[in-house]
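Notes follow once the structure below has been shown.
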């Protein structure tokens, strides 16, 4: 299988964008939304509620501000760079990007793949033993 440099860069950018839990949550929220654009306030409130395990109306204060700042300054620009979302920093709103569908599929496949590998690979401290069970 041959990959050109732009394909490798796109894949690497997607993987980097999916590394943070908050970015994966944003991807899921945007993919599940039918009302665009989605405000950064709404995203921040949903993330704070998720992280604090509280209802949306209780997702306020410091957890909300932390999520809002992290989204605005780091996570949304990273997702926009990967073309997963379109982020308007002036209006503080988000729309789906060209790569949202593939990112959504990668997010959805993540947990089942991890569970599959965890259950199929024996827990051994010797890397050579682990490798031989994979082959």
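Packing-based ranking of 72-85, 54-67, 35-48 yields 72-85, 35-48, 54-67, ordered from highest to lowest mean Cβ neighbour count within 10 Å.
Label separation (residue 89 vs residue 11): 3.0 nm, computed from points 7 Å beyond Cα along the C-beta direction.
Rule-based calculations on the coordinates, nothing more; no lab input. Since the structure is predicted, the reported quantities are computational estimates derived from the model, not experimental observations. Neighbour counts are summed over all protein chains in view; Cβ atoms, including those assigned to glycine, are modelled from backbone coordinates with ideal geometry.
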